[in-house]
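Below is one structure, written out as structure tokens; comments come after it.
The values are calculated or read from the model by the stated rules, or taken from the named source; none is laboratory data. Please read these numbers as outputs of a predicted model, since none were measured by experiment. Neighbour counts run over all protein chains shown; Cβ positions are idealised from the backbone, glycine included. Quick note on the areas: whole protein, heavy atoms, side chains included, nothing else; ligands and nucleic acids left out. Shrake-Rupley method; radii C 1.70, N 1.55, O 1.52, S 1.80 Å.
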Amino acid sequence: MGEKPTFYITTPIYYPSGKLHIGNSYTTIACDVLARYKRLQGYDVFFLTGTDEHGLKIEQKAQALGMQPQEYVDKMAADIKELWKKLEITNDKFIRTTDDYHEKAVQNIFEKLLAKGDIYLGKYRGWYSVSDEEYFTESQLAEVYRDEDGNMIGGKAPSGHEVQLVEEDCYFFKMSKYADRLVKYYEEHPDFIIPDTRKNEMLNNFIKPGLEDLALTRTSFNWGVKVPSNPEHVVYVWIDALCNYITALGYETGDDDSLFKKYWPADVHMVGKEIVRFHTIYWPIILMALDLPLPKHIIGHGWLLMRDGKMSKSKGNVVYPEMIVERYGLDALRYYLMRAVPFGNDGVFTPEDFIGKINFDLANDLGNLLNRTVAMINKYRGGQIPELKSGVTAFDKHLEDVAANTIKNFEEQMDSVHFSNALDEVWKLVARSNKYIDETEPWILAKDETKKDELDSVLAHLAASLRLVAILIQPVMTHTPKEIFAQLGLNSDDMAIQGVSYFDLPAGAQVVAKGTPIFPRLDVEEEQEYIKSKMTKNEKAKGRKAMAEKAKENWDPENTTLVLTKDEIKFDKFDKVELKVAEIKEVSKVEGADKLLKFRLDAGDEGDRQILSGIAQWYPNPEELVGKKVIAVTNLKPRKMRGEVSQGMLLSAEFGETVQLITVSENIPNGSLVG
């Protein structure tokens, strides 16, 4: 047997300025899911995570707490390691940018690029955000403050953090020198940046307008890696942080670099969309300057948002993973995070949705399938799983076909890192197996001795479905698969994904005498209130709540100042607009139009209608929308766009940089009037 193929995957290294929440945990769990999947496929995996521990923000945070920076980051790194242990993250290494070998390597890399002429000493004057550890030009700021004479005196970064004017000697990297080479690399490697929308953003917003040389060092603080040839300068945090992906493997550390030779280039850097620019522009250019190969894929995933936007202590809407795990178990959290964030898009966490996923997907669909199967095998076959045979009942073949498609589609979705879609495929098999019970009616078959073979076939097929489901969900759920195997009496050492087949069910296994629910059904109202009560509340939030309660006592709606973005209209004008519920039947991109999606909709008309909508960049995988119900303006006069007719408009909401279709309950009939 030859050597295993290698697979190197990394999370971003986390900035330990505060406690990590479930949004931060999403990235690490997603990487862990991919690492586990690749190991199950037979790969030699190296999985890296860690902490980014230098910079002015850390220095200031430590001072505010009366601690030394090293003391502060030691505590934070220990807390993060403990969290990853609780989430059962299977990383092979945890790097800290304060590790001696990393600091030495960063110094060597800096001096190498300085000697090569890619780095030069100059003077920087510009706007800097301490919270973001990032410089901004005036045009890049979300808001600019000016004095009475129109002179700029400050502003806010896109993150909302204040910027301050900085003027100091600084080393710069000649980014523009490599811009054309980077664009050429993008063109020759179309799957380098995933999804495509991130690549377009980098090209249009940063590269085409002209890459400015990148400020690399600071002299106004000390907490960082010092430049050996000019120790007054501390290396800018992003350069320090990005190099962790190669220093962790031994590059330029002066020690053993066998890991670097074995695993580099990385197969996947997975990062949140807010730091895609650093990983897809600065990092590739640094590697080009070092004459090193570039990572194969950089995946910029969406955010896990709350209803009112990003998680923030100031909003009092932060949810911590420890609370979820302690109350609902690790598998519930891992399943929810991988199911709730569609690939490339943002996901929205609500207590209602989280509890709903546990009750419907895990307790009702999967849990009940296991409970019913174990109970029937005990009742009708003394607890022994019959031999699996094909074609005994009229429904066997279809279930077997669904299982075969599940394996194929699951592997395709996992290989393309579409975890939510992969789980959708598995739950199609769960749903089909539950339907199979209703179709075959084993309780009726059990009453007729001549139907013995059919009953055996039904019970075996159900056990085979559960076995397959357990094997496929292993990368996502770390306990449930073994619990399913244990209740079926199967050997948990025989759970290989590679080459898995529906028909590999061992006959004669003895199920447990009495099955136990793997996901007990939850009281919806009680658990929603519990999660809401555990969301963080800061003192400002408490103060605002107290003020709101006081204001409520004296509330008079006629004194409310209504914030409008458009002119006020009378009811008779609004009443002319017809809004209806419509189900998405098909959706595809419009040829030659990057922004347009073409929807085929059932809005209760005599046939389907077509609506075009300019939301393509927010839905890189529009097929995921099929089956959802939306609200359409149905009495707009049809018009042609790019040669295609558009018969109305779909309602959507804008928040931050995101546009999201407004969806409604699947229980509302198509064509229902809204208003």
For residue 43, residues with placed amide H under 5 Å, excluding near neighbours | none
The extension gain from residue 654 to residue 389, computed as 0.36 nm times the residue separation minus the Cα-Cα distance, is 90.1 nm
Determine the order of 589, 104 by accessible area, beginning with the largest, at a probe radius of 1.4 Å.
-> 589, 104
For the chain, find the longest principal axis of its Cα atoms and tell me its angle to the long axis of helix 69-86, 0 to 90°, nearest 10.
-> 10
Per residue accessible area in Å² of segment 80-229, where ligands, DNA and RNA are left out and the probe is 1.4 Å = 50
Cβ-derived FRET efficiency at R0 41 Å, residue 147 paired with residue 68, nearest 0.05 = 0.60
How large is the helix-only mean residue ellipticity at 222 nm for the chain, computed as the sum of -39500 (n - 2.57) over DSSP H runs with n ≥ 4, divided by its residue count, in deg cm²/dmol to the nearest 500?
-> -11000 deg cm²/dmol
Centroid-to-centroid separation of segment 581-629 and segment 134-199 [C-alpha atoms, Å] = 34
With the full set of protein chains in place, find how many percent of the accessible area of segment 428-488 is carbon and sulfur; take the probe as 1.4 Å.
-> 50
Cα-based reach from residue 580 at 25 Å (exclusive), listing lysines while leaving out same-chain residues under 8 positions away = 566, 570, 589, 595, 598, 628, 629, 637, 640
Which value, in Å² and to the nearest 10, is the accessible area of residue 223 when all protein chains are kept and the probe is 1.4 Å?
-> 40
Sequence of 296, 208 from largest to smallest accessible area, 1.4 Å probe = 208, 296
Degrees separating the helix 179-188 axis from the principal Cα axis of the chain, which is the longest one | 10
So for segment 39-98, Kirkwood radius off the Cα pairs, Stokes-Einstein at 10 °C and 1.306 mPa s: how many µm² s⁻¹?
-> 121
At what distance in nm do the modelled label points of residue 606 and residue 510 sit from each other, each positioned 7 Å from its Cα along Cα→Cβ?
-> 6.8
Determine the distance separating the Cα centre of segment 319-344 from the Cα centre of segment 277-309; give it in Å without decimals.
-> 25
Which angle from 0 to 90°, rounded to the nearest 10, does the C-alpha axis of helix 330-340 make with the longest principal axis of the chain?
-> 80
Using alpha carbon positions and the Kirkwood radius, the Rg to Rh ratio of segment 1-106 is 1.05
With a 1.4 angstrom probe the carbon and sulfur portion of accessible area for segment 16-143, in percent, totals 46
So if we plug the beta-carbon distance of residue 162 and residue 591 into 1/(1 + (r/R0)^6) with R0 = 35 Å, what FRET efficiency do we get, rounded to 0.05?
-> 0.20
With P(r) over Cα pairs in 20 Å bins from 0, in percent defined as stated, name the option among [x] 18, 56, 25, 1; [y] 15, 44, 33, 8, 0; [z] 18, 48, 30, 4, 0 computed from the structure displayed.
-> [y]
Between residue 576 and residue 308, what FRET efficiency follows from the Cβ-Cβ distance if R0 is 25 Å, with the result rounded to 0.05?
-> 0.20
Compute from the Cα atoms of segment 301-378 the Rg and the Dmax, the latter being the longest Cα-Cα distance, and quote both in angstrom.
-> 15.3, 54
Top positive-direction residue, dipole computed over the chain with Cβ charges, set 293, 163, 423 | 423
